[in-house]
Amino acid sequence: MDITERFLNYTKFDTQSAEESQSVPSTSKQLIFANYLKKELEHEGLEDVELDEKGYLYATLPANIKGKVPTIGFISHYDTSPDCSGADIKPRIVSNYDGGDIVLSEGIVSSPKKFPELFSHVGEDLIVTDGHTLLGADDKAGIAEIVQAMCWLRDHKEIKHGDIRVAFNPDEEIGMGAHHFDVEKFGCEWAYTMDGGDLGDLEFENFNAASAKISIKGVSVHPGYAKGKMVNANRLAAEFASLLPADETPETTEGYQGFYHLLGIKSNIENATLSYIIRDHDRKKFEARKNFIAACVETMNKKYGEGTVSAEINDQYYNMKEKIDPCMHVIDLVLKAMQECGVPPKVEPIRGGTDGAQLSFKGLPCPNIFAGGVNFHGPYEFVSIQSMKKAMEVIIKICELTAAYND
């Protein structure tokens, strides 16, 4: 089976995760794919294949070299985003892409005018959707690349490598992918998530992240007799939102700039809730942003009475850079592997997070490497077959270089 067929097989499974679910994994349909993948790994001859009750799948490609070699790992998530349907995906291959518009379905066009990333893939073979679902390259492309690389190494014993661990997990898209990951069981000195974007992406800096839930208590009174009595939670919600800087939102920032992102508002006269996410690469600025939210709550309560507004702020993950900096050899290996595979590296900060960020803080240094997908979480998602093959080559080369690594 080649990497294209493997990936297309994976897209047949609806593995969408669910934000509001309290179960692990968040949707039972993820386990259907996990069990399929477990059988595939066993069929391909990997060892120590284990799927736990929470949907975390681990396996090993044993070393073919004697002596002490670092055990390394490769990780991808199999859930797809709640932002767009992942059911009944209808992928199609656009061979030798000519740089023009791609008609996904009648009236649905993927155009380089809107998505200039397409221009980087002229002449390549692109897997696209029919415009009604996402594709699932995030992160089933990563899974296909890892599995295909393990099969290649299995069949090419002339390439020497140490023990290689692989792991596939649920619920990354809802920020829960690393929460039940058993780092001790995984048993690696370091690892890589194959969950990046376009060709050459290498990421070991990400946002510090927190969620903020703002609750507002109003008082409902007949509007004809409301003077001095009514507290309109709808209006206070709008007032609170206005306290946050308008030029520090996702749509106005880039690069290392942080933001406050209003995810949603639920409100009536008596009660209102504003849901935010807070992001910043700089830890001090991140803490300052959380403190600013708390200060806005205090400002509102001074005006409208103590207890009118409250905030529940919870940290989600932190910038992995502080954990990667002391062990930069894990980055040097990737850069050398990319160079030898003819892949120009693009080292950029992630304006988001990965499982690798949380895993790095659990003691497993884990930067993020490209998987080749573009325009994630929506119907215009696509992946280049050539990029997937390059990602597979980089995995193989990392394994080979690690066998020769001497700390």
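The values are calculated or read from the model by the stated rules, or taken from the named source; none is laboratory data. For clarity, every value in this text was computed on a predicted model and none was experimentally measured. Neighbour counts are summed over all protein chains in view; Cβ atoms, including those assigned to glycine, are modelled from backbone coordinates with ideal geometry. Only protein heavy atoms, including side chains, enter the accessible area calculation; ligands, DNA and RNA are left aside. Shrake-Rupley method; radii C 1.70, N 1.55, O 1.52, S 1.80 Å.
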query: Does D332 count as without any contact (Cβ under 8 Å) to a residue 40 or more places away in the chain and either assigned to a strand (DSSP E or B) or under 29 Å from Q257 (Cα atoms) (or both)?
result: yes
message: If I ask for residues that are of a type in the set (S, T, Y) and open to solvent by less than 10 Å² (accessible area, probe 1.4 Å), which ones from the stretch 355-407 would you list?
response: S360, S384, S387, T402
- request: Look at T299 and say whether it is free of Cβ contacts under 8 Å to residues at least 60 places away in the same chain and of a type in the set (V, I, T).
  value: yes
message: I'd like the full set of residues that are basic (K, R) and either in contact with a Phe, Trp or Tyr (Cβ under 6 Å, 6 or more places away or on another chain) or without any contact (Cβ under 8 Å) to a residue 40 or more places away in the chain (or both), limited to the stretch 53-107.
response: K66, K68, R92
Filter result for D155 (closer than 30 Å to T60 by Cα, without any contact (Cβ under 8 Å) to a residue 12 or more places away in the chain and open to solvent by 30 Å² or more (accessible area, probe 1.4 Å)): yes
query: From the residues in the stretch 246-266 that are under 18 Å from S211 (Cα atoms) and touching a Phe, Trp or Tyr at 6+ places or on another chain (Cβ under 8 Å), which one is most open to solvent (accessible area, probe 1.4 Å)?
result: L263
task: State whether one or more residues within the stretch 228-236 are open to solvent by 30 Å² or more (accessible area, probe 1.4 Å), at pLDDT 95 or above and under 27 Å from E19 (Cβ atoms).
output: yes
- prompt: Is it true that S360 is of a type in the set (S, T, Y), in contact with an Asp or Glu (Cβ under 8 Å, 6 or more places away or on another chain) and not in a strand (DSSP E or B)?
  reply: no
- line: Subset of the stretch 181-204, residues crowded, with 20+ Cβ neighbours inside 10 Å, at pLDDT 95 or above and over 26 Å from G162 (Cβ atoms), comes to L199
message: Can you confirm whether E40 is open to solvent by 30 Å² or more (accessible area, probe 1.4 Å) and either assigned to a strand (DSSP E or B) or among the acidic types (D, E) (or both)?
response: no
